[in-house]
C-alpha cells in the first residue's frame with residue numbers, strides 16, 4: 001500500500017447537517033457513513049426537469065467526498081481534518097434558493113440534510129460547541145474501527161487513517177457572536193484554544209478568515225463563491241467588505257504563534273495576506289507559513305515586469321464591491337486550452353515565494369475552479385465566462401474568471417483598479433473554440449489533470465527563479481502536498497472526484513507529468529525520480545511537516 005496525506009479535508013462537515021436523532025441503525029450522523037449520489041438525486045424524482053437547475057450543485061458539490069470509510073479505502077495514512085462551524089451567510093445563501101429550501105423542508109434528502117439542523121446553525125449563539133461536536137463525531141466507531149487521533153511521538157501508517165486538526169476560521173473559536181468587544185473576543189478565543197489543546201489531539205493551524213464577513217474583525221476575506229453566483233444563488237452577502245489585516249487580527253496571529261499554532265493564509269484577501277507577511281517580519285516571527293488548500297493565480301501581483309492588472313479585462317462596480325473580469329494566465333503554452341484562475345483567493349507568485357522561503361507548506365486543492373478550469377457552456381448549453389477581447393482583426397473570445405474586491409481595498413490598492421490588459425498575455429489564455437475541439441465526453445478527463453500538473457510545474461518555475469535547481473528540489477520534496485478540500489462543498493476535478501481517487505491520480509501523475517514537462521521543455525532536478533516526487537507530494541512532504549510541529 002502506498003500511503004497518502006491530505007492537508008485539508010472535511011470528513012465530518014455533512015454529518016453536521018444530518019438529523020441529530022440518528023441511531024446506529026441509521027448512521028447518517030456517523031462520519032464513517034458515505035452519503036451516496038443516489039441519496040441526493042432521489043430528491044429530484046418528483047421535480048420537473050425544467051426546474052432542476054440546482055441538480056449540478058447537488059450531484060457534484062453535495063455528494064460526500066471524504067468520509068472516514070473513503071479515507072480508509074483510499075489508502076490515507078494521515079490527514080489534517082477540519083473543525084468547522086458553517087458560516088451563517090453561507091447557510092442563508094443555500095436556503096435562499098427556494099427549490100433547494102423546498103427539498104430540505106420536504107426531507108427529500110432523507111436524514112442527510114435537515115431543516116432543523118440548518119436553522120439550528122443559523123440561530124446558534126456561538127460556534128465552539130460545534131467544533132467540539134466535530135471532535136466527538138470523528139471519534140465515533142463504525143462498529144469495528146475507530147480513527148486514530150495522532151498527537152505526537154513515532155508515526156507509522158495503520159489500517160485506519162490518523163487525523164490531526166485545523167480550525168477553518170477564527171469565528172469557529174467564538175462562543176458568543178453577540179460579543180464584539182475585541183479584548184473579550186480575543187480572551188474567549190484564548191480560552192477555547194486552551195480547551196482544544198487540552199484534548200488528546202494535535203492542532204496544526206487556524207484560518208484567520210473564511211468565506212463570509214464573520215471574521216471581518218480580524219481580516220478581510222477573498223471572494224470564494226463565484227460558482228454559487230453562476231449557479232443563480234444570491235451571494236452578495238458573501239462578497240468581501242473589509243480591509244486587510246486589522247490590529248485585532250494581528251493580536252490573534254500573535255496568540256496563535258504563542259500557542260505554537262500556524263495562521264493559515266487561505267481565504268484571506270491579498271491585502272490581508274501581504275499585511276500578515278509584513279507583520280510577521282516586523283514582529284520577528286519565524287515560523288513557517290501554511291496555505292492548506294490552494295490554487296495559483298499564475299502571475300505576479302505586481303512584480304518582475306508583470307502585474308495582475310495585465311489580466312484585468314474589465315472593472316464593473318456592483319454595489320459596495322467591484323467585480324474584476326479576469327483573463328486566465330498561461331505563460332507556458334500556446335494551445336489556448338489550460339490556464340490559471342487569477343482571482344485573489346489563489347496564491348500570487350509573491351505568496352508562493354513567501355511560503356516557500358519560510359519553509360512552509362502549500363496544499364494543492366482538488367477544486368476544479370480553484371485549479372483554473374472553467375466550463376465554456378452553462379447547463380443549458382449557452383456560452384458562459386466568455387469575454388470578447390478586442391484584437392486588430394476583430395474581437396477574440398477568451399475564457400474568464402470573476403473576482404470581487406471591497407471598496408476599501410480597491411481604493412488602497414492601485415492594481416485592483418487598473419485594467420491594462422496585455423494582449424500578448426491575454427491571448428495565451430483559453431479560447432472557447434480551442435476548448436471545444438475535444439469531444440464533450442472526454443473534455444474534463446483531458447483538461448483536469450493538466451490543470452493539476454500546470455500548478456506543480458509553475459511551482460517549479462517560481463522556485464527556480466528564487467534559487468535555481470536546489471530550490472526546485474526543495475519545492476518538490478518539502479513544500480508541495482495535496483490539500484484537497486474534499487467534502488468542503490467543492491466541485492472536484494473529474495480525475496479525482498473523492499479521496500478514493502487520489503491513489504489513481506498519483507499513479508497517473510507518475511506516468512503523465514514527465515511528458516507534460518517535456519512540452520515546455522522542463523526537467524526534474526538531477527537524481528530526483530518521478531516516483532520520488534510522487535512519494536513526496538502525495539504523502540511525505542505533508543507527513544514530515546506535521547511531524548515537525550510541536
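The values are calculated or read from the model by the stated rules, or taken from the named source; none is laboratory data. Remember, it's a predicted structure, so these values are computed and weren't measured experimentally. When we count neighbours, we look across all protein chains shown, and the Cβ atoms used for this are built from the backbone with ideal geometry, even at glycine.
Pick out the one residue from 261, 197 that is under 24 Å from residue 134 (Cα atoms), buried (at least 22 other Cβ atoms within 10 Å of the Cβ) and touching a strand residue (DSSP E or B) at 6+ places or on another chain (Cβ under 9 Å).
Of the residues listed, the single one that is under 24 Å from residue 134 (Cα atoms), buried (at least 22 other Cβ atoms within 10 Å of the Cβ) and touching a strand residue (DSSP E or B) at 6+ places or on another chain (Cβ under 9 Å) is 261.
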task = Can you give me the number of residues within region 113-135 that are outside any helix (DSSP H, G or I) and without any contact (Cβ under 8 Å) to a residue 60 or more places away in the chain?
result = 5
ask   = If we scan region 520-529, do we find a residue that is at negative phi, over 22 Å from the mean Cα position of the chain (by Cα), surrounded by fewer than 17 Cβ atoms within 10 Å (Cβ to Cβ) and assigned to a helix (DSSP H, G or I)?
value = no
ask   = Got at least one residue in region 349-360 being outside any strand (DSSP E or B) and at pLDDT below 95?
value = no
key: Subset of region 130-139 [over 12 Å from residue 11 (Cα atoms) and in contact with a helix residue (DSSP H, G or I) (Cβ under 9 Å, 6 or more places away or on another chain)]   = 130, 131, 132, 133
inquiry  = For region 510-526, give me each residue that is in contact with a helix residue (DSSP H, G or I) (Cβ under 9 Å, 6 or more places away or on another chain) and at pLDDT below 95.
reply    = 520
task = Starting from residues that are farther than 27 Å from residue 209 by Cβ and surrounded by fewer than 17 Cβ atoms within 10 Å (Cβ to Cβ), keep the ones in region 125-147 and report whichever is nearest to the chain's Cα centre (by Cα).
result = 139
query = Out of 188, 215, which single residue is modelled with pLDDT of 95 or more and either surrounded by fewer than 19 Cβ atoms within 10 Å (Cβ to Cβ) or more than 20 Å from residue 410 (Cα to Cα) (or both)?
reply = 188
note = Looking across region 281-310 at residues that are in a helix (DSSP H, G or I) and free of Cβ contacts under 8 Å to residues at least 12 places away in the same chain, the single one that is nearest to residue 428 (Cα to Cα) is 281
task = Scan region 218-246 for residues that are crowded, with 22+ Cβ neighbours inside 10 Å and in a helix (DSSP H, G or I) and jot them down.
result = 238
inquiry  = Looking at residue 255 and the list (1) within 20 Å of residue 92 (Cα to Cα); (2) modelled with pLDDT of 95 or more, which single condition is not satisfied?
reply    = (1)
ask   = Residue check: is residue 104 modelled with pLDDT of 95 or more, buried (at least 19 other Cβ atoms within 10 Å of the Cβ) and not in a loop (DSSP other than H, G, I, E, B)?
value = no
request  = Filter region 395-414 for residues that are surrounded by fewer than 15 Cβ atoms within 10 Å (Cβ to Cβ) and farther than 22 Å from residue 377 by Cβ and give the result.
outcome  = 411, 412, 414
key: Where residue 369 falls short, out of the listed (1) under 19 Å from the mean Cα position of the chain (by Cα); (2) part of a strand (DSSP E or B); (3) modelled with pLDDT under 95   = (2)
